[in-house]
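Asks: Take a look at this one; I'll ask things after.
None of the figures in this text is laboratory data; all of them are computed from the coordinates on show. None of the values given here were measured: they were computed from a predicted structure. Using ideal geometry, Cβ is built from the backbone for each residue, glycine included, and neighbour counts are taken over all protein chains shown.
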């Protein structure tokens, strides 16, 4: 994830001034108080109690079971020592919270913002973070969700379609005569998306341009239960799924039914998902296109169970504290 802004949300114009007017002092101090409300000191939160509830039974470095409790950090977090490799560590070692300097509690509000389709810039402002910190946190979430769609299996009645987003203006491809390619060309990125009557959603990047049987098969073959009913439009590439999964195929001409009211449109469930996905992408319209697969995993996580957003945040935090994965801070200024 990239951004061109990296200004601290803590700063005011009067931080280094020795003499300030009463009004300048009032604004500065009020702003700083609000900042610290968003960024509490670790020792002043319940974070130690949370982290200490996760009991370790093996070393975070060598996986040995020969470990022992080894006192506490200055913030009250249980420290462990491995009697085989000699490392000392806490529950956050080797996770995305390793060496973190900001409270885990800040993730709650941040994750709620992102799950609610809030833009990265708005999330930065609301949480009083620099844009780089926001993009770093997004990278962490996407790393956690790298395999979130692996086990999704759509069944019974399944709706399938494709939607497209343009490449960035700077990445547009031109014909030899200098004109732009039109239609579903290499300037359009194809996303295959499907859902079933239980509300499960699966979406993957298929590549640039029109869908093909090869792409459709690769994306969906393992994620639709054989024998299900497939409701879709007249896209020819879908036939490979119908044939190989023995699906009952019900097709509609989208051009004929596009003006129907939602309640009367047989493709409304998948049309709604395409609309939500486009809304999600629009809220992050400046994202680096190479990050599209990660964003689709995030979208799928948002759309699938659990339904309650706080329950989703709980899943993310639990994954962050139990998944062995680290991510160093990157100064994304290019």
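Asks: In percent, what relative contact order does the chain have, based on Cα pairs under 8 Å that are 6 or more apart in sequence? Intermediate values should be presented prior to the final figure.
Replies: Working: 492 pairs, mean separation 70.6, N = 334.
Relative contact order here is 21 percent.
Asks: Highest first, please rank the peptides 189-198, 112-121 by the mean number of other Cβ atoms sitting within 10 Å of their residues.
Replies: Details: 189-198: 21.5, 112-121: 17.3.
Ranking the peptides 189-198, 112-121 by packing returns 189-198, 112-121.
Asks: Find how much the distance from residue 229 to residue 73 grows on full extension, using 0.36 nm per residue of separation minus their present alpha carbon separation; answer in nm with one decimal. Please list the in-between numbers first.
Replies: Values: separation 156, 0.36 × 156 = 56.16 nm, distance 5.67 nm.
So the extension gain works out to 50.5 nm.
Asks: Something else about it: For region 157-303, what is Rg from Cα atoms divided by 2.2 N^0.38 Å, rounded to two decimals? Kindly include the intermediate steps, with their values, before the conclusion.
Replies: Working: Rg = 15.7 Å, N = 147, 2.2 N^0.38 = 14.7 Å.
Ratio of Cα Rg to 2.2 N^0.38 Å: 1.07.
Asks: Let me ask another. To the nearest 0.05, what FRET efficiency results for residue 314 and residue 65 with a Förster distance of 22 Å applied to their C-beta separation? Provide the component values of the computation, followed by the final result.
Replies: Working: r = 28 Å, r/R0 = 1.27.
Efficiency, rounded to the nearest 0.05: 0.20.
Asks: What FRET efficiency comes out for residue 280 versus residue 19 if R0 is 56 angstrom and r is the Cβ-Cβ distance? Round to the nearest 0.05.
Replies: Working: r = 49 Å, r/R0 = 0.87.
The calculated FRET efficiency here is 0.70.
Asks: Same structure, new question: With label points built 7 Å along Cα→Cβ from the Cα atoms of residue 256 and residue 52, find their separation and express it in nm.
Replies: Between residue 256 and residue 52, the label points sit 6.9 nm apart.
Asks: Okay, next question. Over region 157-303, what is the percentage of antiparallel beta bridges among all DSSP beta bridges, to the nearest 5? Mind dumping the intermediate values first?
Replies: On the way: 17 of 24 bridges.
Of all bridge pairs located within region 157-303, approximately 70 percent are antiparallel.
Asks: What length, rounded to one decimal in nm, is gained on full extension from residue 33 through to residue 98, with 0.36 nm per residue of separation minus their alpha-carbon distance?
Replies: Numbers: separation 65, 0.36 × 65 = 23.40 nm, distance 2.68 nm.
That pair, residue 33 and residue 98, stretches by 20.7 nm at full extension.
Asks: Now for a separate question. Could you sort 321-328, 257-264, 294-301, 160-167 so that the peptide with the highest average Cβ count within 10 Å comes first and the rest follow in order? Can you show the working numbers first?
Replies: Working: 321-328: 12.9, 257-264: 9.9, 294-301: 21.9, 160-167: 19.0.
Top to bottom by mean Cβ count within 10 Å: 294-301, 160-167, 321-328, 257-264.
Asks: Here's a follow-up. So how compact is the chain: Cα radius of gyration and Dmax in angstrom?
Replies: Just the Cα atoms of the chain yield Rg and Dmax of 24.3, 78 Å.
Asks: Once label points are set 7 Å from the Cα along Cα→Cβ at both residue 125 and residue 214, what is their separation, rounded to one decimal in nm?
Replies: 4.6
Asks: Additional query: Estimate the FRET efficiency between residue 12 and residue 246 by the formula 1/(1 + (r/R0)^6), using the beta-carbon distance for r and 45 Å for R0, to the nearest 0.05. Could the numbers behind the result be given before it?
Replies: Values: r = 66 Å, r/R0 = 1.46.
E(calc), rounded to 0.05, equals 0.10.
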